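I have placed the structure first, in the form of structure tokens, so that the comments after it can refer back to it.
Throughout, read-outs are computed from the coordinates displayed, never taken from laboratory work. The shown structure was predicted, so the numbers you read here are calculated from the model rather than taken from an experiment. Because the Cβ atoms are built from the backbone with ideal geometry, glycine has one as well, and the counts that use them run over all protein chains shown.
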Amino acid sequence: MPHIRVDWTQDPVSIHAEFAEELEGLFAYLKQQHGLKKRSIPMPDRENGGYVAFLYAPIDPRVLAQAIEEVA
């Protein structure tokens, strides 16, 4: 089961996961279901391990939480 963590204190918002594929799956879902396009590619997280990506478009926290539940 994927573990995806969102850091709302970052600007832009950062999303963290153990594997890049988990972030890619989340972004594919968000693009298909909510039209989200402005985001970075997943990259190694040198500070915390795993992978990190950034959202460059505003998103409702409830929408993001629901999307994480769907892809988990």
Starting from the stretch 30-58, keep only residues that are farther than 13 Å from Ser14 by Cβ, then list their pairs with residues that are of a type in the set (Ser, Thr, Tyr) whose Cβ atoms are within a distance under 6 Å, requiring at least 6 positions of separation or different chains.
-> Lys38/Tyr56
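Within the stretch 17-51, can you find the residues that are basic (Lys, Arg) and within 17 Å of Ala67 (Cα to Cα)?
Initial filter on the stretch 17-51 (basic (Lys, Arg)): 31, 37-39, 46.
Passing the criteria: Lys31, Lys37, Lys38, Arg39.
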Enumeration of residues in the stretch 25-56 that are under 12 Å from the mean Cα position of the chain (by Cα), part of a helix (DSSP H, G or I) and more than 14 Å from Val6 (Cβ to Cβ) = Gly25, Ala28, Tyr29, Lys31
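Kindly indicate which of Ile15, Ile59 is part of a loop (DSSP other than H, G, I, E, B) and in contact with a helix residue (DSSP H, G or I) (Cβ under 9 Å, 6 or more places away or on another chain).
On the way: Ile15 fails: part of a loop (DSSP other than H, G, I, E, B).
Of the residues listed, the single one that is part of a loop (DSSP other than H, G, I, E, B) and in contact with a helix residue (DSSP H, G or I) (Cβ under 9 Å, 6 or more places away or on another chain) is Ile59.
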Every listed condition ((1) part of a helix (DSSP H, G or I); (2) in contact (Cβ under 8 Å) with a residue 12 or more places away in the chain; (3) exposed (fewer than 13 other Cβ atoms within 10 Å of the Cβ)) holds for Glu22 save (3)
